[in-house]
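Each remark here refers to the structure printed beneath this line.
The values are calculated or read from the model by the stated rules, or taken from the named source; none is laboratory data. Given the structure is predicted, the values throughout are model-derived calculations rather than measurements. Areas reflect the complete protein model, heavy atoms only, side chains present, ligands, DNA and RNA absent. Shrake-Rupley method; radii C 1.70, N 1.55, O 1.52, S 1.80 Å.
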Amino acid sequence: MSGQGYSVYVGNAPFQTTEEEIGNFFSNVGNVTNVRIVYDRETGRPRGFAFVEFADEAGAQKAVQELNGADFNGRQLRVNLANNK
């Protein structure tokens, strides 16, 4: 194992949200160990998606089952398991 944990892709995230807000929202379904919002290299602006890492696979699975389609700050989130290598 790489020790990277279990990540989910979070699409359609509000542009003005913070990693802390996303982490708090996802911590309702599991132990969040890391949140990373993806930014555009040229503009420095958020691209509208993030990756949330959980301590265990159960948390990641629960996030997909319970939070895919959930409303978060007025946006309907898309939550899928991330492709871990």
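To the nearest 10 degrees, how steep is helix 57-67 against the longest Cα principal axis of the chain, on a 0 to 90 scale? For helix 57-67, the angle is close to 50 degrees.
How many Å² of accessible area per residue for the chain, probe 1.4 Å? All intermediate terms of the calculation are to be shown ahead of the outcome.
Values: 5460 Å² over 85 residues.
For the chain, the solvent-accessible area averages 64 Å² per residue.
The candidate values are (i) 15.1, 49; (ii) 12.1, 37; (iii) 12.1, 41; the one derived from this structure for Rg and Dmax of the Cα atoms in Å carries the label (ii).
The helix-only estimate of mean residue ellipticity at 222 nm for the chain, built from DSSP H runs of length n ≥ 4 each weighted as -39500 (n - 2.57), is -6500 deg cm²/dmol after division by the residue total. Leaving ligands, DNA and RNA out of it, report the carbon-plus-sulfur percent of the accessible area of the chain at a 1.4 Å probe. Of all accessible area on the chain, carbon and sulfur atoms account for 41 percent. In this view, the solvent-accessible surface of GLU66, computed with a 1.4 Å probe and all protein chains in place, comes to about 100 Å².
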